[in-house]
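Engineer: Quick one: structure below, then a few questions.
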Amino acid sequence: MDEEFSGIFAGNERKEKEQEMKREGRLPPGQSLTLKWPVLHYGSVPRFDPARWDFRIRGLVESPVRLTWEEFNRLPRIKTHSDFHCVTRWSRFDNDWEGVAFQEVLKLVRLKPEAKYVLVHGEQGFTANVPLNDLDREDVLFATHHDGQPLRADHGYPLRLIVPHLYAWKSVKWVRGLEFTESDVPGFWEQNGYHMYGDPFLEQRFDTD
């Protein structure tokens, strides 16, 4: 009986919070609020070896950059607070992230004038494309922590890109580098029917939207 009442109270809390987010204009159309953090990804969870891990910046830059895990962790850190919207129609609100700002990483290279887009590289050959202007924002970061705790492996540990204003498949797990490009090169999910941009408030889920 206690578990039954607990489930009812949790359901009421979720519904009340969802209505609050709707009133504040924070819940995108077609989305439902979750109090949990579901795990979704393609493929297996990669094993992290700090001695072999590196982060590479290449493409339309004057000089490519390679950082070891130790070097990456010496970069200045920030904390951000943002919402998180998954293309599978759930949203998680008021997330606290900690990590290295994209703008901080951008300082490590000199871009060529024609660099307008970024192909984000993750483990196992995964990629996602994002316009440079959408990454060069104060709330975009490479996160190592979520809500005060290190990221779990299935949520992207050791490093996950967070792009809060786009659907979460653009927030690439297990990030290993950036490739600056002149044109918008489709990433893994974009090649498989997902939208090239992915604005949750415009419901840009698929390439037909």
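A short reminder: the numbers here are calculations on the coordinates, not readings from a lab. It should be emphasised that the depicted structure is a prediction, and the values quoted were computed from it without experimental measurement. Because the Cβ atoms are built from the backbone with ideal geometry, glycine has one as well, and the counts that use them run over all protein chains shown.
Engineer: Which of the peptides 48-61, 132-145 is most tightly packed, and how do the rest follow, judged by the mean count of other Cβ atoms within 10 Å per residue?
Structural biologist: Descending mean neighbour count gives 132-145, 48-61.
Engineer: So how much slack lies between R47 and E104, counting 0.36 nm per residue of separation and subtracting their Cα-Cα distance, in nm?
Structural biologist: This chain segment gains 17.9 nm when fully extended.
Engineer: Have a look at the DSSP beta bridges in the chain and tell me what percent are antiparallel, nearest 5.
Structural biologist: 85
Engineer: What are the semi-axes of the equivalent ellipsoid for the range 90-146, taken as the square roots of 5 times the Cα gyration tensor eigenvalues, largest first, in whole Å?
Structural biologist: 22, 15, 12
Engineer: Right, another one. If the viscosity is 0.692 mPa s and the temperature 37 °C, what translational diffusion coefficient in µm²/s does Stokes-Einstein give for the range 129-187 when Rh comes from Kirkwood over Cα pairs?
Structural biologist: Approximately 270 µm²/s, per Stokes-Einstein.
Engineer: Then there's this: For the chain, give the magnitude of the charge dipole about the Cα centre (Cβ charges: +1 Lys/Arg, -1 Asp/Glu; no others), in debye to the nearest 20.
Structural biologist: Once rounded to the nearest 20, the dipole reads 500 debye.
Engineer: Step by step: find N for the range 29-202, compute 2.2 N^0.38 Å, then divide the Cα radius of gyration by it. What's the final number?
Structural biologist: Output field value: 0.97.
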